[in-house]
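First comes the structure, then the notes that go with it.
Nothing in this text is a laboratory measurement; each read-out follows from the coordinates by a stated rule. Here the structure is a predicted model, which means the values were calculated and not measured. In this analysis, Cβ positions are derived from the backbone assuming ideal geometry, glycine residues included, and neighbour counts consider all displayed protein chains.
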Amino acid sequence: MKLIFASQNLGKVKEVKGIFLNTPFEIVSLYDLGNNINVKETGSTFSENAFLKAKAVYDIYKEPVIADDSGLMIEQLNGKPGVFSARYAGENCSYRDNNLKVISELRNLPEPHRAKFVCVSLFLDGNEKIETIGELVGVIIKEERGSGGFGYDPIFIPDGFSKTIAELSFEEKNKISHRAKSFNKLKNILIEKFFC
Ligand code: IMP
C-alpha cells in the first residue's frame with residue numbers, strides 16, 4: 001500500500017523510509033514525486049502543523065498521506081524553539097545557525113539544560129485522521145559534536161547515552177528517536193487497520 005510522505009526534509013524521509021522498511025507500506029516522498037510544494041506552517045502546535053502538511057498533500061493527490069511535525073523543546077527556554085525549531089534563527093537559516101542560537105541562549109543558565117524532542121505523526125485519507133506522538137528526552141550541550149543526523153542532533157545527548165545523536169549511527173538514532181517512536185506507533189495502527 002502506497003503512503004505519500006508529506007515532507008521536504010531529506011533527513012526525515014530517510015528515517016521514515018527506514019521505519020517502514022519490510023512492511024506492506026511503500027513510502028513515496030515528495031522528492032520521489034518531483035513535487036516541491038512548501039506548506040506554510042502557520043499552526044501553533046505540532047499537531048496543527050502536521051495536519052496542515054498532510055491536508056495540503058492529500059488535496060493534491062487524493063491518496064493516503066502521512067506527515068509529521070517535530071521540534072525541540074528546552075525547559076529553561078519555556079519550551080522554545082518548539083514549533084519554530086526549523087526557523088529559530090530566522091527564515092532560511094542553517095541547522096548550525098539554530099544550534100549556535102540555542103547554545104548562546106543557554107550559556108549563562110545553570111546545567112543541565114533539560115530538553116526533549118517531540119514528533120507528532122499523522123495519517124490522513126478521505127475517511128479519517130490518525131495521530132500518534134513520540135518523545136525523546138535528554139540534555140543540550142555547549143558545543144556541536146558529530147556529523148550524523150540533522151538539525152539539533154549535534155547538541156543533544158539523549159538520557160542514558162554519552163554521545164550526541166549526531167555521533168550515533170543511523171540505525172541507533174532510528175531505534176530511539178522521537179520520530180521512530182511516533183511512526184512505529186502509527187505503523188502498527190495502520191498494519192492492524194489495513195492488513196489484519
Ligand atoms: P519540521 O519539518 O517543521 O517538523 O521541522 C522540524 C525541525 O525541528 C527541524 O528542522 C529541526 O530543526 C528540528 N528537528 C526535528 N526532528 C529532529 C531530529 O530528529 N533531530 C534534530 N532536529 C530535529
Seminar exercise, completed: To the nearest 10 degrees, the tilt of helix 46-61 (Cα long axis) against the first principal axis of the alpha carbons of the chain is 40 degrees
Exercise. Order of D59, D97 from fewest to most other C-beta atoms within 10 Å?
Worked result: D59, D97
Problem set entry | Cβ-defined net charge surrounding R145, 12 Å radius [Lys, Arg +1; Asp, Glu -1] | -2
For this session: Rank S29, S104, S47 by mean-square fluctuation in a GNM of the chain with C-alpha springs under 10 angstrom and give only the top-ranked residue.
Result: S104
Problem set entry | GNM top mover of A67, A166, A56 - the chain, alpha-carbon springs below 10 Å | A56
For this session: In a Gaussian network model over the chain where Cα atoms closer than 10 Å are linked, find which of T164, T42, T132 has the largest mean-square fluctuation.
Result: T42
Problem set entry | Cross-link reach list, lysines versus K62, counting only Cα pairs under 17 Å and skipping chain neighbours closer than eight places | K2, K53, K129
Exercise. Once the Cα atoms of helix 10-19 and of the chain are each reduced to a long axis, what angle between those two axes, in degrees from 0 to 90 to the nearest 10, is obtained?
Worked result: 60 degrees
For this session: Any chance you could run the full-extension gain for Y31 through R145? It's 0.36 nm times the residue separation minus the Cα-Cα distance, nm to one decimal.
Result: 38.1 nm
Problem set entry | Residue order, fewest to most beta carbons within 10 Å, for I157, I4 | I157, I4
Problem set entry | Distance histogram for the chain (every C-alpha pair counted, 5 angstrom bins, percent rounded to whole numbers) | 1, 8, 16, 21, 20, 15, 10, 6, 2, 1, 0
Exercise. Counting Lys and Arg as +1 and Asp and Glu as -1, what is the net charge of the other residues whose Cβ lies under 13 Å from the Cβ of N174?
Worked result: +4
Seminar exercise, completed: Ordered by number, the trypsin sites (Lys or Arg not before Pro) in segment 117-196 that occupy a DSSP loop and have at most 14 other Cβ atoms within 10 Å are K142, K163
Problem set entry | Label point at I130 placed 7 Å out along Cα→Cβ; residues across segment 51-90 whose backbone nitrogen lies under 12 Å | 65-66
For this session: Please work out the FRET efficiency for the pair Y61 and L21, using the Cβ-Cβ distance as r and a Förster radius of 30 Å; give the result to the nearest 0.05.
Result: 0.85
For this session: Please return the longest stretch of the chain lacking exposed loop sites, where GluC sites (Glu not before Pro) count only if DSSP places them in a loop and at most 15 other Cβ atoms lie within 10 Å.
Result: 1-90
Problem set entry | Gain on full stretching of the segment that runs from R96 to Q8 - 0.36 nm per residue minus C-alpha separation | 29.8 nm
Problem set entry | Around G79: net Lys/Arg minus Asp/Glu count, Cβ-Cβ under 12 Å | +2
Exercise. Antiparallel DSSP bridges in the chain: what percent, to the nearest 5?
Worked result: 80 percent
